[in-house]
Structure formats: C-alpha cells, structure tokens
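Input: a single structure, listed below in structure tokens.
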Amino acid sequence: MYTLGDLVQMKKQHACGTNRFEVVRLGMDIRIKCMGCGHAVLLPRREFEKKLKKKLVLADQVVAADEPYYQTLQKGPNQTNF
Ligand SMILES: [Zn+2]
C-alpha cells in the first residue's frame with residue numbers, strides 16, 4: 001500500500017547519489033520524485049514494486065520543511081489511501 005507523499009527507498013539510488021523518493025502520482029504508472037535533485041521518474045506499477053526497497057517515511061509523517069523538493073500537500077488524517 002502506498003500513499004501519495006510517502007518517501008520510499010529504491011534498490012538503486014538516483015544518479016545524484018540520493019536514495020529517497022517521494023511518491024507523487026499513483027495509478028497504472030507511478031511517478032516518483034528524487035528528494036536530492038527534484039528529478040521525477042515515471043515507472044509502470046509492476047516495475048516500481050520490483051525496484052522498491054522499502055518505505056522510509058509515511059506521507060503524514062514527512063516533515064515537508066526538511067525536504068526542499070517535496071510537493072505533496074499535507075492533507076491531514078483524512079487523506080485518501082490507494
Ligand atoms: Zn536525484
């Protein structure tokens with residue numbers, strides 16, 4: 001289960017050396033955004049699940065102020081789970 005705004009770690013780090021990505025779109029394809037450089041990547045869901053290592057921070061626990069590239073707005077306790 002993933003929620004928009006979750007921070008995840010992939011099996012392979014991004015080219016910039018950071019391995020912390022924000023889930024910015026959920027659907028047939030999943031878009032993740034590198035928290036080191038802001039670069040976004042679109043992956044088919046199956047590939048995302050294959051490349052995912054673990055979930056780092058749940059969306060409602062992200063401190064957006066510490067993540068300059070974080071874009072998902074905090075939606076409070078009623079945010080939609082996918
Ligand atoms: Zn990066």
Want the number for Asp60 to Leu43: 0.36 nm per residue separation, take away the alpha-carbon distance, what's left? 3.8 nm
Over the chain, with a Gaussian network built from C-alpha contacts below 10 Å, which listed residue (Ala64, Ala40, Ala15) shows the highest mean-square fluctuation? Ala15
Sites matching trypsin sites (Lys or Arg not before Pro) across segment 12-75 that sit in DSSP coil, with at most 14 neighbouring C-beta atoms within 10 Å: Lys12, Lys75
Give me the three principal axis extents of segment 7-58 from the C-alpha atoms, as integers in angstrom, largest value leading. 27, 21, 18
How large is the dipole of segment 7-58 about the Cα centre if only Lys and Arg carry +1 and Asp and Glu carry -1, each at its Cβ, rounded to the nearest 20 debye? 200
Which one, His14, Leu26, Leu56, is farthest towards the positive end of the dipole of segment 7-58 when Lys and Arg carry +1 and Asp and Glu -1 on their Cβ? Leu56
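Read the figures in this text as sums done on the coordinates, not as results from a lab. Just so it is clear, the structure is predicted and the values come from calculations on it, not from any experiment. Counting neighbours? That spans all protein chains shown, and the Cβs are built from the backbone with ideal geometry, glycine included.
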